[in-house]
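J.: One structure follows; several queries about it will come next.
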Amino acid sequence: MTEISPILALANVSKSFPGVRALNDVSFSLYPGEVTALIGENGAGKSTIVKILTGIYIPDGGEIRVNGATQHFSSPRDSWGAGIAAIHQETVMFDELSVAENIFMGHMPGGHLIDWRDTKAKARALLASIEADFDADAKLKTLSVAQKHMVEITRALSHDANVIIMDEPTASLSRHEIDELFRIVAQLKAEGRAIIFISHKFDEIFRLSDRFVCLRDGEKVGEGMTSDVSEPDLVRMMVGRPVDQVFPKRDIPLGPTVLEIDGLSNATEFADVSLKLRKGEILGLYGLVGAGRSEAMQAVFGMSKPTAGRVKMNGQELTIHEPIDAIHAGISYVPEDRQEQGAFLPLGIRENITMASLSTHVRNFLLSRRSEQSAARALGGRLSVKAAHWEQSLGELSGGNQQKVVIAKWLATKPKLIILDEPTKGIDVGSKAAVHDFIGELAEDGLAVILISSELPEIMGLSDRVIVMHEGRIAARFERGVGTGALAWSAEAIVAAATGAPIEERAA
Amino acid sequence: MMHDPSPTPSRYTVEDRAPRKLSSFLLRWESILVMMLATVIIGNTLKSPYFLDPFNLADATYNFSEKAIMALIMALLILVREIDLSVAAILAVSSLAIGFMGDAGYGTLALVLTGLFVGTLCGAFNGFLVTRSGVPSIVITIGTMSLYRGITQVSLGDQALSTFPQSYLDLGQTYFIDWPPVPLSFFIFLVLACVFGVFLHKTAIGRQLFAIGANPVAARFSGIRVDRIRFALFTVSGLLAGLGAVLLTARIGVMRPNIGLGWELDIITMVILGGVAISGGVGTIGGVVLAVFVLGLSTFGLALMNVPGIVINVLLGLLLIISIAAPILIRMATGKR
Amino acid sequence: MSVFLKYREWVLAAIISLMVTGISLYAPAFGTLDNATGVLNDTAFLFMMSLAQMVVILTRGIDLSVAANLALTGMLTGIFNEVFPDLPALVYVAVALTLGCGLGLINGTLIALLRIPPIVVTLGTLAIFRGMIVVIGGGSQVNTSDMSASFVGFPKLSFLSLSSVFWIAAIVALLAWFFLSLTRAGRGLYAVGGNPVAARYCGISLPFQQVLAYAISGAVAGMSGYLWVARYGVAYVEIASGYELTVIAACVIGGVSIGGGVGTVAGTLLGALFVGVIVNALPVMQVSPFWQMLISGAVILAAVIINARAEGRGLKLILPEARRAAAQAKR
């Protein structure tokens, strides 16, 4: 089949940012009517490729060829012009505007004057072609997440694109909605379009893709036909070593119960969440993005008010109004979004590290710089933060080092329980391994750890027990090496519980 | 450089402090302000023999001390990404209350306490609205500005209040220290500047203000009581506007509804020129104090040269924009993003 | 509350009608056609200026310099008239538009290219523009006696007993509607204000949209400057002092979101009308005009707080029953 010429080809594309080589000499081709899975860990360079193909980044070297002709994209318009459209990871759209306008924003029919009748008619036709069940006049903010996704797909179709990039399109969809999406993808394939499919879920990759391209640390480390490889092959390629060596599980004797949550609920986000956690134990909290895991744990931490339920630490019931109360009770929460929720970029490393434990550095009502400095040295050193000096502003450090500083801030509060929300999201492979090691160390030091993660290998590799949440409720509980059938300690069972499959269906 | 033995040795050597470089010291915003201040003083001294006269300088401080006091708290508000456009209107309401109390024959202490109390009340109302509604403070305080100023207009119309005990007027019209001559308002400003400086740069809550300004969400996650601090800042803003009213009313001896009209913009100019970033998380009290002197002394010097007040405003507006634009242009020119 | 959001313009219109009815019952003089035209004529400036301010606020910006621009352009056009008297009035309109637009471009350039926050830039230019009036005019006034007949006469023309200023405001409103709903550049303003990142992905240029918004704001302020000076027969430093805040208030009452991306021509016009009705009703009701500020302050606060509550401080909808309930409420 090699005589079919590719629609799109990347040849020796490279891209660097200050201090980071994001892409190094990457080449691959896309063929009509085929789905190519782009796989790799977070930070491997997938999103850099997406941004280059959509004209957001300009590559430092290499070429992009569309139907054999070399193209230079300096803006998203150029990329559309060449027939490339993307459905982005976060739905990047306009909540206050209509569906039709969201579909055509930036390329409204009719030149400088918008032809609304034409716009709406075209939008309706496109929506009908993927059998959408909402109107082009609806305001975007009235749609569900899945419906917004369909708007994104329609938006890609509106460019009459031959190449459609789907960046983790299923991350926040229910099982039924994913089936719907796959139906649309099959339809697009049949129409002879080429699709780049980015996903972390192997079942989807094998179900949907014809080819794969694997990236690691900005380099292509493998490509081929999906039918020729197995899941362990792909994991080995992505991670660079055999999968069973990735997460050395430490053997830690468990202590007394530290945390007890009983029937925690709030109005719309989670209901009846109960769990217990012992000293030295790592509890994995798994589920799809948007299953209510972070929301429930943030309520424990005092970021929001639960409507029912109790939280006990070391047998004592807590009244938590604000995070500071949780911190005083010995709870730490390392949030998911480092830039948005964790880091103070303009402030220095020392100031970041001491921010959640300032009261311990007060002497005679004033902050002691000396005491702060020794804390920065001790914790920054323990986490191997790489920096020129402790006063350097956090914004100047790499993502992995920023993450270390944020974790150091939490360790400085001397917690008994630490909740880690997606601690390895968006950091490179090297730092990731360090974080995994470190999580084991924390448990060894006698902390109780709750690990919220969407990466199944990470969850299974590190946790003693796994609790799976689905649509705001606990769907199943798993214990390492225990259980059979639907509750066996297996990837299949855990994923099935996360997607909300009924228990009898899972057992089959 | 001393190194305590760390519990686990790090793979990297990290210094305690930034290496001291002359260039980074000179490029600090405060250093630039010092140079500006020096230029203003030298220029004015050369231009006018009256400039360096202690009594003239003391009188010059009258014109900016009340604003400068209010600028201190405005700096903290802007540092945490808030703004209070109603300060001048709060000053007017407080002044109104002082005026009424004066008319009713109350003594100096009652007048002062009334001014402070009414200001605090107005500020607390702002804080309540901002923290409870989640609406940006610029919108809330545009609303309360109209409301407060409206109250003074409704109460007084085109009348004025001017019955005050002499001991009250003395607060604003005599020197607090006779030699060197220091008016009360300027003395209070200096004391408060020290208090604010220590508070912002040396205390835990001061540090937390930087955190809120740099990243309000992360600040909440770090156990900082963000809403409580915001509420407190708006309340103190009201209190200091009340203090401004006490001093200003005593100085001019008459209360009209247009008292302090437009002051909010002058105060914000002082803060921004002082290097506090509108985007939050960056700024020093030292910078604000220097900016107060740069603005106050250049205004005074230009006035000595008989430049009309409104023209001075042009120059100050230009100074504001140029001082913000220049570092950006330099960064663009040297290619650092 | 969601009703208020969905039909907020209708609600605002209903509130205004109720107000007008109530005031007319109390003071029959208010309910006359004569008075209605008077209100519209008086509010004409606020109509135009609020629409222009909305264009800026849509991009997440703010233009505090509009009133100063109005005063400066008014003064400059007055001086232009002294030098070139007896030109057709439309020439003066064009001159004022151009001058105002130029001043707006200064704001736009500083904001878009140097990325200085809009509030800082326009705070600075507010002081500069006001001061320039004195620097250029030498501190003197331009009075009616200095103005030519064509210059002064134009704003006094009327059609159907509505003044030319009102008709110009009407044209501005039509153009604003046309621009904001039918042109790419107009929709681009909503895009950059609603979601700057998404706008970038859609190939919409933020600097272009910003420069455009401040240029429009400046042009409308400049034109209003000529009309204002000619109508009231005087140009000096203090005219329209503090008017920028009234303009912003009208926008906020009309439902323009300071957060950007939300606002309609109809809403803004109603917001301005609301302020206009209050201003004109006070003397009729023999209430001191000093109440105006207090009332508009109270109304702004009420409007934004009702709005904020309606939008809620969102919990996510994760539980299936919560999603179903929300979907049902939507219908």
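The values are calculated or read from the model by the stated rules, or taken from the named source; none is laboratory data. Keep in mind it's a predicted model, so treat the numbers as computed, not measured. We place every Cβ from the backbone using ideal geometry, glycine too, and count neighbours over all the protein chains shown.
J.: If you go through the range A:294-312 one residue at a time, how many are in contact with a helix residue (DSSP H, G or I) (Cβ under 9 Å, 6 or more places away or on another chain) and within 15 Å of A:Ile419 (Cα to Cα)?
T.: So in the range A:294-312, the residues in contact with a helix residue (DSSP H, G or I) (Cβ under 9 Å, 6 or more places away or on another chain) come out as A:298, A:300-306, A:309, A:311.
From the residues that got through so far, the ones that are within 15 Å of A:Ile419 (Cα to Cα) too are A:298, A:300-303, A:311.
So the count comes out to 6.
J.: I'm trying to understand the selection: among the residues of the range C:182-198, which are more than 8 Å from every other protein chain (Cβ to nearest Cβ) and without any contact (Cβ under 8 Å) to a residue 60 or more places away in the chain?
T.: If the condition is that a residue be more than 8 Å from every other protein chain (Cβ to nearest Cβ) and without any contact (Cβ under 8 Å) to a residue 60 or more places away in the chain, then C:Gly186, C:Gly188 are the ones that fit.
J.: Then there's this: Of the residues A:Leu288, A:Leu277, which single one is in contact with a His (Cβ under 8 Å, 6 or more places away or on another chain), more than 25 Å from B:Val226 (Cα to Cα) and not small (Gly, Ala, Ser)? Before the answer, list the steps.
T.: Values: A:Leu277 fails: in contact with a His (Cβ under 8 Å, 6 or more places away or on another chain).
Answer to the check: A:Leu288.
J.: Select from the range B:191-204 the residues that are surrounded by 15 or more Cβ atoms within 10 Å (Cβ to Cβ) and more than 8 Å from every other protein chain (Cβ to nearest Cβ) and list them in ascending order.
T.: Those that are surrounded by 15 or more Cβ atoms within 10 Å (Cβ to Cβ) and more than 8 Å from every other protein chain (Cβ to nearest Cβ): B:Leu192, B:Ala193, B:Phe196, B:Gly197, B:Phe199, B:Leu200, B:His201.
J.: Output the number of residues of the range A:120-140 satisfying the condition of being in a helix (DSSP H, G or I) and within 10 Å of chain C (Cβ to nearest Cβ).
T.: 1
J.: Taking B:Val246, is it surrounded by 17 or more Cβ atoms within 10 Å (Cβ to Cβ) and either more than 9 Å from chain C (Cβ to nearest Cβ) or under 18 Å from the mean Cα position of the chain (by Cα) (or both)?
T.: yes
J.: Quick check: is even one residue across the range B:147-162 within 21 Å of the chain's Cα centre (by Cα) and crowded, with 19+ Cβ neighbours inside 10 Å? Quick ask: steps written out before the conclusion?
T.: Quick first cut of the range B:147-162, residues within 21 Å of the chain's Cα centre (by Cα) only: B:148-149.
Those left that are additionally crowded, with 19+ Cβ neighbours inside 10 Å: B:148-149.
Looking for residues that are within 21 Å of the chain's Cα centre (by Cα) and crowded, with 19+ Cβ neighbours inside 10 Å, one finds at least one in the range B:147-162, hence yes.
J.: How many residues does the range C:232-252 contain that are assigned to a helix (DSSP H, G or I) and touching a Ser or Thr at 6+ places or on another chain (Cβ under 8 Å)? Even if it seems obvious, please write down each step before you answer.
T.: Here is the first cut: in the range C:232-252, the ones assigned to a helix (DSSP H, G or I) are C:232, C:243-252.
From what is left, the residues that are touching a Ser or Thr at 6+ places or on another chain (Cβ under 8 Å) are C:244-247, C:249-251.
The total comes to 7.
J.: Next question. Just for the range B:134-143: of the residues that are within 7 Å of another protein chain (Cβ to nearest Cβ) and more than 11 Å from C:Ala249 (Cα to Cα), which one is surrounded by the fewest Cβ atoms within 10 Å (Cβ to Cβ)?
T.: The residue in question is B:Gly134.
J.: Of all strands (runs of 3 or more DSSP E) completely enclosed by the range A:383-478, which ones contain at least 2 residues that are under 19 Å from A:Val495 (Cβ atoms) and among the hydrophobic types (A, V, I, L, M, F, W, C)?
T.: On the way: elements: A:417-421, A:448-452, A:465-470.
Those strands (runs of 3 or more DSSP E) span A:448-452, A:465-470.
J.: Taking the range C:129-173, which residues are of a type in the set (Phe, Trp, Tyr) and either at pLDDT 85 or above or closer than 24 Å to C:Pro85 by Cα (or both)?
T.: C:Phe129, C:Phe151, C:Phe154, C:Phe166, C:Trp167
J.: How many of the residues in the range A:273-322 are in a strand (DSSP E or B) and closer than 25 Å to A:Val145 by Cβ? First the steps, then the outcome.
T.: First, the residues of the range A:273-322 that are in a strand (DSSP E or B): A:273-278, A:282-286, A:308-313, A:316-317.
From the residues that got through so far, the ones that are closer than 25 Å to A:Val145 by Cβ too are A:273, A:284-286.
Adding up the residues that qualify gives 4.
Here is a yes/no grid of residues against (1) small (Gly, Ala, Ser); (2) surrounded by 16 or more Cβ atoms within 10 Å (Cβ to Cβ); (3) free of Cβ contacts under 8 Å to residues at least 24 places away in the same chain:
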residue	(1), (2), (3)
A:Ala121	yes, no, yes
A:Glu131	no, no, yes
A:Lys141	no, no, no
A:Ala156	yes, yes, no
A:Asp167	no, yes, no
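J.: Looking at the range C:136-166 only, could you name the residues that are within 17 Å of C:Leu90 (Cα to Cα), surrounded by 14 or more Cβ atoms within 10 Å (Cβ to Cβ) and either small (Gly, Ala, Ser) or touching a strand residue (DSSP E or B) at 6+ places or on another chain (Cβ under 6 Å) (or both)?
T.: C:Ser148, C:Ser150, C:Ser158, C:Ser163, C:Ser164, listed by residue number.
J.: Continuing with the same structure: Out of the residues in the range C:113-147 meeting the condition of being among the β-branched types (Val, Ile, Thr) and outside any helix (DSSP H, G or I), tell me which one is farthest from the other protein chains (Cβ to nearest Cβ).
T.: We begin by selecting, within the range C:113-147, every residue among the β-branched types (Val, Ile, Thr); these are C:116, C:119-122, C:125, C:128, C:133-136, C:142, C:144.
Now narrow it down to the ones that are outside any helix (DSSP H, G or I): C:116, C:142.
Numbers: C:Ile116: 5, C:Val142: 16 Å.
Top of the filtered list is C:Val142.
J.: Continuing with this model, one more query. For the range A:323-369, what are the residues that are assigned to a loop (DSSP other than H, G, I, E, B), out of contact with any strand residue (DSSP E or B) (no Cβ under 8 Å at 6 or more places or on another chain), over 26 Å from A:Ile261 (Cα atoms) and not aliphatic (A, V, I, L, M)? Lay out the reasoning, then the answer.
T.: Filtering the range A:323-369 down to residues assigned to a loop (DSSP other than H, G, I, E, B) leaves A:329-330, A:335-337, A:343-347, A:364-365, A:368.
Retained after the next criterion (residues that are out of contact with any strand residue (DSSP E or B) (no Cβ under 8 Å at 6 or more places or on another chain)): A:337, A:343-344, A:364-365.
Imposing the further condition that a residue be over 26 Å from A:Ile261 (Cα atoms) reduces the set to A:343-344, A:364-365.
Result: A:Phe344, A:Asn364, A:Phe365.
J.: Which condition breaks for B:Gly301 when tested against (1) buried (at least 19 other Cβ atoms within 10 Å of the Cβ); (2) assigned to a loop (DSSP other than H, G, I, E, B); (3) at pLDDT below 90; (4) more than 20 Å from the chain's Cα centre (by Cα)?
T.: Every condition holds for B:Gly301 apart from (2).
J.: Can you tell me which residue within the range A:168-215, out of those that are polar (S, T, N, Q) and in contact with a strand residue (DSSP E or B) (Cβ under 8 Å, 6 or more places away or on another chain), is modelled with the highest pLDDT?
T.: Start the filter on the range A:168-215 by keeping residues that are polar (S, T, N, Q), which leaves A:170, A:172, A:174, A:187, A:199, A:209.
Within this subset, residues satisfying the condition of being in contact with a strand residue (DSSP E or B) (Cβ under 8 Å, 6 or more places away or on another chain) are A:199, A:209.
Numbers: A:Ser199: 79, A:Ser209: 89.
Going through the qualifying residues, I end up with A:Ser209.
J.: Conditions: (1) outside any helix (DSSP H, G or I); (2) touching a strand residue (DSSP E or B) at 6+ places or on another chain (Cβ under 7 Å). B:Gln159 meets all but one. Number of the miss?
T.: Result: B:Gln159 passes all but (2).
J.: Next question. Determine, yes or no, whether B:Pro257 is assigned to a helix (DSSP H, G or I) and over 15 Å from the mean Cα position of the chain (by Cα). It would help to see each step written out before you state the result.
T.: Details: assigned to a helix (DSSP H, G or I): no; over 15 Å from the mean Cα position of the chain (by Cα): yes.
No, not satisfied.
J.: Right, something else. From the list A:Lys409, A:Lys404, exactly one residue is at pLDDT below 90 and closer than 30 Å to A:Ile467 by Cα. Which is it? Before you say what the answer is, go through the steps one by one.
T.: On the way: A:Lys409 fails: at pLDDT below 90.
The unique qualifying residue is A:Lys404.
J.: For the range C:217-259, name all the residues that are buried (at least 21 other Cβ atoms within 10 Å of the Cβ) and on the phi > 0 side of the Ramachandran plot.
T.: Correct list: C:Ala240, C:Gly255.
J.: Among the numbered criteria (1) within 12 Å of another protein chain (Cβ to nearest Cβ); (2) aliphatic (A, V, I, L, M); (3) part of a helix (DSSP H, G or I); (4) touching a helix residue (DSSP H, G or I) at 6+ places or on another chain (Cβ under 7 Å), which one does A:Ala378 miss?
T.: The one condition A:Ala378 does not meet is (4).
J.: Looking only at residues in the range C:48-70 that are touching a Phe, Trp or Tyr at 6+ places or on another chain (Cβ under 8 Å) and of a type outside the set (A, V, I, L, M), which one is farthest from C:Phe159 (Cα to Cα)?
T.: C:Gly61
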